[in-house]
Amino acid sequence: MVTPPDTRALIRVFGRIGLLSFGGPAAQIAVMHRELVEERPWLDEPTFLRALSLCMLLPGPEAMQLAAYAGWRLRGVAGGLIAGLLFVLPGAAVIAVLVLLYAAHGDLPLVRAGFTGIKAAVIVIVLQALVKIARKALTRRSAWGLAGAAFLAIFAFNLPFPAIIAAAALWGALTAAPREVPPAPASPAGPAPLRVAALWMALWLGPLIALSVTGPQLLADLGWFFARLAVVSFGGAYAVLAYMTQTVVQEHGWISTAQMIDALGLAETTPGPLILVTQFVAMLAGHLAGGVGLALAAGAVALWATFVPCFLWIFLAGPYLEQISARPRLSAALEAIMAAVVGVILNLSIWFALHVLFAELGRLSTGPLMLPVPRWESLDPAALGLAVLAGLLMLGLRLGMVPTLAILAGVGVILGLA
């Protein structure tokens with residue numbers, strides 16, 4: 001029997017996890033495993049793995065939700081709030097500083113050259129994420145077919161991401177192979193799920209409703225968009241970046257494509273979940289519309305809309321972990337979603353690489369098809385060389401993400417001085 005840690009120990013350990021949470025979800029989960037399972041017996045291995053499986057099935061950043069689940073398991077709702085907030089807040093503070101610096105100095109030639117190096121490294125980082133997710137998700141021929149269909153839907157037909165996810169979930173549920181269902185575990189004791197859902201839905205959406213009434217309109221629009229994003233963000237931030245770009249760049253024009261690419265590059269350099277890119281986008285949109293004050297307010301709205309639902313999912317689903325795992329159609333639907341996410345991330349990889357390596361893109365339109373086509377005369381040789389260097393460092397020499405980003409930023413600055 002493990003003795004639950006006191007609040008002070010919980011804050012100390014999850015504060016350290018939050019500060020060390022660089023490198024994406026795989027690295028973040030590894031840090032949590034070391035801190036919570038290996039170095040101190042707060043969670044046993046089966047509990048940790050079951051919790052990880054649950055968090056991978058939920059929308060939102062799985063590493064942050066795993067931290068919230070671990071805190072909830074150890075110290076109840078207060079522990080879940082402490083663990084989840086400490087996982088997010090260090091990175092959110094860094095993002096806030098970076099946005100303000102970017103808004104003030106992002107157009108300087110040397111700063112832009114450093115961004116070129118960072119963005120070249122991110123091409124390789126996204127490809128690595130694609131390969132890792134594909135290995136887990138594409139275990140059957142039907143999953144490969146779903147991934148291909150999702151890629152064509154968003155790359156060639158520009159269909160909205162939520163529609164692709166809904167179609168994949170429906171396909172998975174309808175084609176689930178029949179299998180023996182184990183007896184459902186007894187319902188856990190605790191607050192009724194409807195009461196938990198009502199409370200957290202009110203906390204999540206109440207401020208957004210108030211903004212819709214009182215304004216500013218930009219904050220309301222940002223809040224509702226990121227709230228929708230939180231519901232469909234299966235597969236991590238990479239999966240929803242294409243949808244985010246469709247909305248914030250093409251539909252609303254809050255920021256430019258170049259600024260969207262910079263946002264992803266800088267979000268990769270901070271601790272915490274990559275979905276903090278939502279805060280960067282919101283703050284930059286707020287700064288462009290109304291200066292520092294609106295930027296800070298927009299960042300707060302984005303954080304609220306993005307992360308409050310993470311607590312909703314965990315506090316609602318956490319007590320029913322064993323029962324959820326016994327639902328074959330639900331599991332099949334979520335497996336289909338993960339397969340479709342691979343195709344969406346492939347689209348993101350191509351979109352990101354094209355915009356980093358080429359200064360100009362055209363679009364080939366044939367009937368319903370809308371294919372991006374690079375203008376080869378606009379190829380940036382420096383960006384191509386930096387991307388090759390990033391590939392050699394990360395794939396050849398197995399160098400970590402953070403050192404690679406630092407090296408590429410430095411090389412980019414050197415090339416800018418040449």
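Some observations on this one:
- Subset of segment 338-371 [free of Cβ contacts under 8 Å to residues at least 24 places away in the same chain and not polar (S, T, N, Q)]: 354, 358, 359, 360, 361, 362, 363, 364, 367
- Restricted to segment 201-215, and to residues there that are surrounded by fewer than 16 Cβ atoms within 10 Å (Cβ to Cβ) and touching a residue at least 40 places away in the same chain (Cβ under 8 Å), the residue that is nearest to residue 297 (Cα to Cα) is 203.
- Here residue 312 fulfils each of the conditions (1) under 30 Å from residue 99 (Cα atoms); (2) in contact with a Lys or Arg (Cβ under 9 Å, 6 or more places away or on another chain) apart from (2).
- Filter pass, residue 88 being free of Cβ contacts under 8 Å to residues at least 12 places away in the same chain and of a type in the set (A, V, I, L, M): no
- Residue satisfying condition, being closer than 30 Å to residue 290 by Cβ and part of a helix (DSSP H, G or I), within set 81, 127, 89: 89
- Residue in segment 82-98 that is touching a Ser or Thr at 6+ places or on another chain (Cβ under 9 Å) and over 30 Å from residue 260 (Cβ atoms) present: yes
- Restricting segment 343-373 to residues that are in a helix (DSSP H, G or I) and of a type in the set (Phe, Trp, Tyr), the residue that is surrounded by the fewest Cβ atoms within 10 Å (Cβ to Cβ) is 351.
- Within segment 33-74, the set of residues being in contact (Cβ under 8 Å) with a residue 24 or more places away in the chain, outside any loop (DSSP other than H, G, I, E, B), in contact with a Leu (Cβ under 6 Å, 6 or more places away or on another chain) and farther than 22 Å from residue 137 by Cα comprises 36, 70.
- Under the condition of being under 21 Å from residue 354 (Cβ atoms) and either hydroxyl-bearing (Ser, Thr, Tyr) or surrounded by 18 or more Cβ atoms within 10 Å (Cβ to Cβ) (or both), the residues counted in segment 88-113 number 1.
Residue-by-condition table, conditions (1) among the β-branched types (Val, Ile, Thr); (2) closer than 16 Å to residue 285 by Cβ; (3) modelled with pLDDT of 90 or more:
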site: 187; (1), (2), (3): no, no, no
site: 193; (1), (2), (3): no, no, no
site: 197; (1), (2), (3): no, no, yes
site: 216; (1), (2), (3): no, yes, yes
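Every residue, every condition in (1) within 13 Å of residue 255 (Cα to Cα); (2) at pLDDT 95 or above, yes or no:
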{"residue": "275", "(1), (2)": "no, no"}
{"residue": "278", "(1), (2)": "yes, no"}
{"residue": "292", "(1), (2)": "no, no"}
{"residue": "298", "(1), (2)": "no, yes"}
{"residue": "301", "(1), (2)": "no, yes"}
{"residue": "305", "(1), (2)": "no, yes"}
{"residue": "318", "(1), (2)": "no, no"}
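- Filtering segment 36-61 to residues that are under 27 Å from residue 131 (Cβ atoms), acidic (Asp, Glu) and either under 23 Å from the mean Cα position of the chain (by Cα) or modelled with pLDDT of 80 or more (or both) leaves only 38.
- Residues that are more than 27 Å from residue 166 (Cβ to Cβ), among the small types (Gly, Ala, Ser) and either outside any helix (DSSP H, G or I) or in contact with a Gly (Cβ under 8 Å, 6 or more places away or on another chain) (or both), drawn from segment 190-233: 190, 192, 215
- Options 116, 139; residue that is outside any helix (DSSP H, G or I) and in contact with a helix residue (DSSP H, G or I) (Cβ under 9 Å, 6 or more places away or on another chain): 139
- Enumeration of residues in segment 246-261 that are part of a helix (DSSP H, G or I), touching a residue at least 24 places away in the same chain (Cβ under 8 Å) and surrounded by fewer than 23 Cβ atoms within 10 Å (Cβ to Cβ): 246, 257, 258, 259, 261
The values are calculated or read from the model by the stated rules, or taken from the named source; none is laboratory data. All of these numbers come straight from a predicted model, not from anything done at the bench. A quick note on method: Cβ atoms are made from the backbone with ideal geometry, for glycine too, and the neighbour counts reach across all protein chains shown.
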